[in-house]
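Trainee: Have a look at this one before I ask anything.
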Amino acid sequence: MDTGKMTALEFESVSYRYPSEEFDIIDGLSFRVERGSFHCIVGTSGCGKSTIFRLTNGLLASKAGRILVEGAPIGGGRKQYCGYMPQKDLLLPWRTVGENVALPLEIRGGSSKAERRDRAEAALEDVGLAGCAGKMPHELSGGMRQRAAFARTMLTGSDLLLLDEPFSALDFLTRITMQEWLLDQWQRHKKTILFITHDVEEAVFLSSSVLAVADTPIRSLLEVPVPADYPRDRSCLKRPEMTDLREGLIDLLRKQVKG
Ligand SMILES: Nc1ncnc2c1ncn2[C@@H]1O[C@H](COP(=O)(O)OP(=O)(O)OP(=O)(O)O)[C@@H](O)[C@H]1O
Ligand SMILES: [Mg+2]
């Protein structure tokens, strides 16, 4: 029996074509993600990164191949096997922060309003937003909204989290603070995280290995290990092997833009 690490997510020869397009944007893609790992996905704009997430969470159905989460194929009404944070935080503006965070519990059903309120408050406290449950989303800063959206993603209870450019709209200082915060959350909650970013330094800082989209249509992901242990702080980014890795990834993406 394979005694290696458990697989959290696996794509087996997955293909997808948008109905209005004439080619498969995802073309026979296979890759495997180990449980408990943190991978950033980098690739040029429009190459199909978010499409990989939409296939994983079942918003889109692949035309060929299989997607397995924890060894079992998705589909067939399987619910909340992954937490998904879309490219924009998408907190519902007419609901309080607490009601937004409690949404996954409401969708799942079987919990009372008081129970949902308590769990939402605890999740908010965990992301440093104690006392914010009664506020409206517009009363929070960008970084606070992202943390609230993350708390909501955590309340899906899933071990696999798909985060699509969660920090791209934040200013530099808030972004690096959020990166440290996310690594801390990941280590405490032992989740598997896939994180799309355009920021190569962010990818190097966060990832156990970076998954780079090296060709379009996407046929494979190039796995590039990051030579640094956790816990990490930003000083590791100054090490020569880390700057080499960052520059190597930038070169790879540049070549792709040029075609
Ligand atoms: N609903 C759709 N119908 C048709 N084509 C689409 C649709 N959504 C996305 N596409 C196309 O598929 C390609 C991949 O889109 P996707 O959103 O996955 O890219 P991405 O890599 O996440 O880009 P970005 O980095 O800009 O977010 C794009 O070229 C886009 O034009
Ligand atoms: Mg995208």
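Trainee: When the chain is modelled as a GNM with alpha-carbon springs shorter than 10 Å, which of Ser235, Ser45, Ser37 fluctuates the most?
Mentor: Comparing Ser235, Ser45, Ser37 in a Gaussian network model of the chain, the most mobile one is Ser235.
Trainee: If you don't mind, there's one more thing I want to ask. Kindly provide log₁₀ I(q)/I(0) values, in the same order as q = 0.11 Å⁻¹, from the Debye equation applied to equal alpha-carbon scatterers of the chain.
Mentor: Ignoring solvent entirely, the Cα scatterers give -0.62.
Trainee: Taking 0.36 nm per residue of separation and subtracting the Cα-Cα distance, what length does fully extending Gln256 through His138 add?
Mentor: Full extension of this stretch gives 38.7 nm more.
Trainee: Next question. Each residue of the stretch 57-69 in order: what ³J(HN,Hα) in whole Hz does its phi give by Karplus 6.51 cos²θ - 1.76 cosθ + 1.60, θ = phi - 60°, with x for Gly and Pro?
Mentor: 8, x, 5, 10, 9, 5, 8, 8, x, 10, 10, 10, 10
Trainee: Can I ask one more? With springs only between Cα atoms under 10 Å apart, run a GNM on the chain and tell me which of Gly248, Gly142, Gly109 wobbles the most.
Mentor: Result for the chain, Cα springs under 10 Å: Gly109 fluctuates most.
Trainee: What distance in nm lies between label points placed 7 Å from Cα along the C-beta direction at Asp244 and His189?
Mentor: Modelled inter-label distance: 3.6 nm.
Trainee: Let me ask another. So what's the net charge close to Ile218: Lys and Arg +1, Asp and Glu -1, counting the other residues with Cβ under 10 Å from its Cβ?
Mentor: For residues surrounding Ile218, the net value is -1.
Trainee: Using the Kirkwood formula over every pair of different C-alpha atoms, what hydrodynamic radius in Å results for the stretch 63-119?
Mentor: 13.8 Å
Trainee: Rounded to the nearest 20 debye, what is the charge dipole size of the stretch 1-90 about its Cα centre when +1 sits on each Lys and Arg Cβ and -1 on each Asp and Glu Cβ? Numbers along the way, then the final one.
Mentor: Details: 11 positive and 10 negative charges, 55 e Å.
Dipole about the Cα centre, nearest 20: 260 debye.
Trainee: Indicate the gyration tensor shape class of the stretch 186-247 (rounded, prolate or oblate), computed on the Cα atoms with a ≥ b ≥ c the square roots of the eigenvalues: a/c under 1.5 is rounded; otherwise a/b larger than b/c is prolate and the rest oblate.
Mentor: The shape class here is oblate.
Trainee: Between Glu22, Glu115, Glu12, where does the largest GNM mean-square fluctuation fall for the chain, given springs only between Cα atoms within less than 10 Å?
Mentor: Glu22
Trainee: If you don't mind, there's one more thing I want to ask. State, in angstrom, two size descriptors of the stretch 55-178 derived from its alpha carbons: Rg to one decimal place and Dmax to the nearest whole number.
Mentor: 15.4, 47
Trainee: Between Met6 and Tyr18, what is the label-point separation in nm under the 7 Å Cα-to-beta-carbon projection?
Mentor: About 3.6 nm separates the two model spin labels.
Trainee: In the chain, what % of DSSP beta bridges are antiparallel (nearest 5)?
Mentor: Working: 18 of 35 bridges.
Percent antiparallel among DSSP bridges in the chain is about 50.
Trainee: Report the calculated FRET efficiency for Lys88 and Leu173 (r = Cβ-Cβ distance, R0 = 25 Å), to the nearest 0.05. Present the calculation step by step, with values, prior to reporting the outcome.
Mentor: Numbers: r = 21 Å, r/R0 = 0.84.
Efficiency at R0 = 25 Å is approximately 0.75.
Trainee: Can you list the aspartates and glutamates whose alpha carbon is less than 20 Å from that of Lys238, not counting same-chain residues fewer than 8 positions off?
Mentor: Answer for Lys238, where 20 Å is the Cα cut-off: Glu180, Asp199, Glu201, Glu202, Asp229, Glu247, Asp251, listed by chain and number.
Trainee: Here's another thing I want to ask about it. Given a cut-off of 26 Å, name the pairs among Lys49/Lys79; Lys113/Lys190; Lys49/Lys191; Lys135/Lys191; Lys88/Lys191 whose C-alpha atoms lie farther apart than that in the structure shown.
Mentor: On the way: Lys49/Lys79 22 Å; Lys113/Lys190 28 Å; Lys49/Lys191 20 Å; Lys135/Lys191 28 Å; Lys88/Lys191 21 Å.
Check vs 26 Å cut-off fails for Lys113/Lys190; Lys135/Lys191.
Trainee: Given the options Asn100, Thr197, Met6, identify the residue whose Cα lies farthest towards the positive end of the charge dipole of the chain (+1 on Cβ of Lys, Arg; -1 on Cβ of Asp, Glu).
Mentor: Going by the charge dipole, the pick is Asn100.
Quick note: the coordinates plus some simple rules give every number you see, no bench work behind them. Quantities reported herein were computed from a predicted structural model and do not represent experimental measurements. Please note: Cβ atoms are built from the backbone with ideal geometry, for glycine as well, and neighbour counts cover all protein chains shown.
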